[in-house]
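Asks: Dropping a structure here in C-alpha cells format, bear with me for questions.
All of the numbers you see were taken from the coordinates with simple rules; none came from a lab. What you see is a predicted model, and the numbers here were worked out from it, not measured in a lab. Using ideal geometry, Cβ is built from the backbone for each residue, glycine included, and neighbour counts are taken over all protein chains shown.
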C-alpha cells in the first residue's frame, strides 16, 4: 500500500472574493501560509488567486481555508467554487480515512506506517491462540 506522490501532494487554486477592502488578498495569504507545516509552496497568481501545494498527510484544504478565513480573507463563494471545494474536501477526507487518519488529526504519518505494518504478512508470528502462549 504505497502512497503515490500524486495522491499525497495536492495542488489547488484558491480564489478570493473581489468585494473585499484588501485588494492583495492572495499575496497576504501566500505570506501567511509560507510558515505553516505541511505547506510545500504558496504563490499568488494574481491579486485574487492563490496557488497552494501541500502534503495531505499533514494538512487539508479545509484546514487551509479555515485558517485564511480566520485571517479575515474572503474566499470566492460562487456556486462552482463551492462545489469544487466540497468535492476536494470529500475526496481528501476519504483518502485520509482510508489511511487510518481520523478527521481533525493534523499529522497521521505514524498511523499510515502502522496500518501498513498490519497489512504485511509476518511469517514469524506465533500461530497459537493467546491463552496457549502463556504456557511453556
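Asks: Taking every Cα atom in segment 1-92, find the radius of gyration and the maximum pairwise distance Dmax, and write them in Å.
Replies: 13.0, 47
Asks: Spin-label point model (7 Å from Cα, Cβ direction): what's the residue 31 to residue 47 distance in nm?
Replies: Here the answer is 1.7 nm between the modelled labels.
Asks: Report the paramagnetic label zone for residue 40: residues of segment 1-28 whose backbone N is under 18 Å from a point 7 Å from Cα along the Cα-to-Cβ axis.
Replies: 2-14
Asks: Estimate the FRET efficiency between residue 70 and residue 9 by the formula 1/(1 + (r/R0)^6), using the beta-carbon distance for r and 22 Å for R0, to the nearest 0.05.
Replies: Calculated transfer efficiency: 0.35.
Asks: Based only on other Cβ atoms within 10 Å, what is the fewest-to-most ordering of 41, 65? Spell out each step's value before the answer.
Replies: Values: 41 12, 65 19.
The fewest-first ordering by Cβ neighbours comes to 41, 65.
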